[in-house]
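Just so it is clear, none of the values below were taken in a lab; they were calculated from the coordinates. Computed from a predicted structure; not experimentally measured. Cβ sites come from the backbone with ideal geometry, for glycine too, and all protein chains shown count toward neighbours.
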Amino acid sequence: MARSDRSGGGATIIDVARLAGVSAMTVSRVINGREGVRSETREAVEKAIRELSYTPNVAARSLVTSTELQVGVIYSNPSAAFMSEFLTGIFEEASIRGARLSLLKGEAGKAPGPEALEQFAAAGLSGFILAPPLGESRKILSVLEPLGRPIAAVGAYKISDALCVRIDNHRAAYEMTHHLLDLGHRRLGFILGNPDQAASAERMAGFYAAVREIGGVEVRVAQGDFSYTSGLAAGELLLDAPSPPTAIFASNDDMAAAVVSVAHRRQIDVPGALTVVGFDDTAAAVTLWPTLTTVHQPLRRLAAEALAYVAQEAGPALLRPGAVSDCVLDHSIVYRDSTARISVAEPD
């Protein structure tokens, strides 16, 4: 049965969500003045609140802040830039909510060992946040799910008994690929991310969806794992081809930065002779030359939404807005200096 936040006037947060045509979590974000809600969505929610004379139960809401919230964060990501942004979002939201964080780190993108996981899970934590790439780890979920505590899996898809907080990776990759095609590029390279992550497959699918709409596109693909080192190897492979790509789309910024490094070493001008784009919009995108055109996914907001969900679900039942399984935030393309219109004649 759906759980609701019933106000004195009789209307619930579920009623508001139903009238506005949105999720209860979106209503919660509007009420709390959080970012990440489209202006038209916010207006629809505010209109529904007025029509229903809905008033949140402030007394009940205060119980969340009076109860110590202890959240476990499990992470292991090869990109230091990615994790810096992600953990900043976690720390900022924890500070706002007065939450205590416990961190457990795996090595080289892998889940922590079984003993470490079991000790961590037994520490009396209120809930758990799984950072990419661990959101889909069955090793971790098999330990956490039986505990019955809220789990937020960032960057994951279709995890039962957990909230998946992510962007639309397929759409983002599709839009970036179309940008390359609009610049006239018809020889494209694509560097895949970790093959064990659904986000990697979604980005590749979005890339191919755009390519299929344009005739005469030559595609070369190289496997990476989101690490800078894998980007170096993939960049060498793509640029060694008899007809190398004029544009390379790497599935994250670290691998894109590695491709730029390979191009510099080969004295290939970026973007004059080679366009390079990435994904994430981490610090790596602006600390190299030329600065990187990339997909911006709001890493701090993804992390903050994950913690907000755990806090909400771990709080009094009166505040829980009902079951949710997916929270999709907006992405955008950030145009910088690593892209240019095709300047060399394509072969017939």
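Sorted fewest first by neighbouring Cβ atoms within 10 angstrom, Ile159, Ile191, Ile90 come out as Ile159, Ile90, Ile191.
For region 294-309, backbone phi angles converted through the Karplus equation (6.51, -1.76, 1.60; θ = phi - 60°) give residue-by-residue couplings of 7, 7, 8, 10, x, 4, 5, 5, 4, 5, 5, 5, 4, 5, 4, 5 Hz, Gly and Pro being listed as x.
Candidates Phe91, Ser137, Ala156 compared by Cα position along the dipole of the chain: farthest toward the positive end lies Phe91, with charges placed on Cβ. The charge dipole of the chain, taken about its Cα centre with unit charges on the Cβ of Lys, Arg, Asp and Glu (plus for the first two, minus for the last two), comes to roughly 680 debye. Need one word for region 61-219: rounded, prolate or oblate. Basis is the Cα gyration tensor (sqrt eigenvalues a ≥ b ≥ c); a/c below 1.5 gives rounded, then a/b vs b/c decides. In terms of gyration-tensor shape, prolate.
Would you order Val270, Val22, Val328, Val71 from fewest to most other beta-carbon atoms within 10 Å of each residue's own beta-carbon?
Val328, Val22, Val270, Val71
Assigning unit charges at the beta carbon (Lys, Arg +1; Asp, Glu -1) and nothing else, what dipole magnitude in debye, to the nearest 20, does region 169-297 show about its Cα centre?
Magnitude of the dipole: close to 320 debye.
Counting lysine pairs in the chain that sit 8 or more residues apart in sequence, or on different chains, and whose Cα atoms lie under 26 Å apart gives 5.
Ordering His296, Ser251, Gly272 by Cα displacement along the dipole of region 230-318 toward the positive end leaves Gly272 in first place; charges were set at the Cβ atoms of Lys, Arg (+1) and Asp, Glu (-1).
Assuming R0 = 25 Å, can you tell me the calculated FRET efficiency for the pair Arg341 and Glu92, based on Cβ-Cβ distance, to the nearest 0.05? Efficiency, from the Cβ-Cβ distance: 0.05. For Leu103, nonlocal amide neighbours, meaning residues 5 or more places apart or on other chains whose placed amide H falls under 5 Å from its own, are Val73. Residues Ser79, Ser343 in ascending order of nearby Cβ atoms (within 10 Å, fewest first): Ser343, Ser79.
Mean separation of Cα pairs under 8 Å and 6 or more residues apart, divided by the residue count, gives region 42-187 a relative contact order of 20 percent. Once the convex hull of all Cα atoms in region 169-297 is built, its volume per residue stands at 89 Å³.
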